[in-house]
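Below: the structure, in structure tokens.
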Amino acid sequence: MIEMLQPTDLAHALTHDRADQRARALLNLGWETRPNALVNDLVTADDVQLARRLQANGIVAGKVNLADYRSCAQLVAHHGGWLSAGGKAVLLAPFAD
């Protein structure tokens, strides 16, 4: 079942604010990390949730399908360094049984 977008989600998408940019970066595999930084900006649970809602409602297609286990597992395998612990947990939560 498709979860309807909340007004705040739609506002993020229409204004292309930071939350929208982070969700789109995740979906398009364009997350930027700095190799020599002391602390990297990691994908959070909120980023994954917004990206999943935007994709499910057809606003952003992206290069990775967050509704597909294989795509999510490949994202974790290839780009696990991008994900915070919470982001990884939310990403894989729909597939846990």
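The values are calculated or read from the model by the stated rules, or taken from the named source; none is laboratory data. For clarity, every value in this text was computed on a predicted model and none was experimentally measured. Ideal geometry is used to build each Cβ from the backbone, glycine not excepted, and the neighbour counts take in all protein chains shown.
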- Find all pairs meeting these conditions: Cβ atoms under 6 angstrom apart; at least six residues apart or on different chains; first residue within the stretch 40-59 and over 14 Å from residue 24 (Cβ atoms); second residue of a type in the set (Ser, Thr, Tyr). 40/33; 42/84; 44/84
- So which pairs qualify, if the first residue must be in the stretch 69-86 and of a type in the set (A, V, I, L, M, F, W, C), the second must be assigned to a helix (DSSP H, G or I), the Cβ gap must be under 6 Å, and the two must be at least 6 apart or on different chains? 72/91
- Candidate set: the stretch 77-87, residues that are part of a helix (DSSP H, G or I) and in contact with a strand residue (DSSP E or B) (Cβ under 8 Å, 6 or more places away or on another chain); chosen: the one modelled with the lowest pLDDT: 82
- If we keep only residues of the stretch 28-84 that are closer than 20 Å to residue 10 by Cβ and of a type in the set (Lys, Arg), then the residue surrounded by the most Cβ atoms within 10 Å (Cβ to Cβ) is 53
- Name every residue in the stretch 56-72 that is out of contact with any helix residue (DSSP H, G or I) (no Cβ under 8 Å at 6 or more places or on another chain) and either part of a helix (DSSP H, G or I) or β-branched (Val, Ile, Thr) (or both), in order of residue number. 56, 70, 71
- Task: Give the residue, chosen from 6, 74, that is modelled with pLDDT of 95 or more and not aliphatic (A, V, I, L, M).
- Result: 74
- Scanning the stretch 1-39 for residues that are among the acidic types (Asp, Glu), part of a loop (DSSP other than H, G, I, E, B) and within 13 Å of residue 52 (Cα to Cα) gives 3
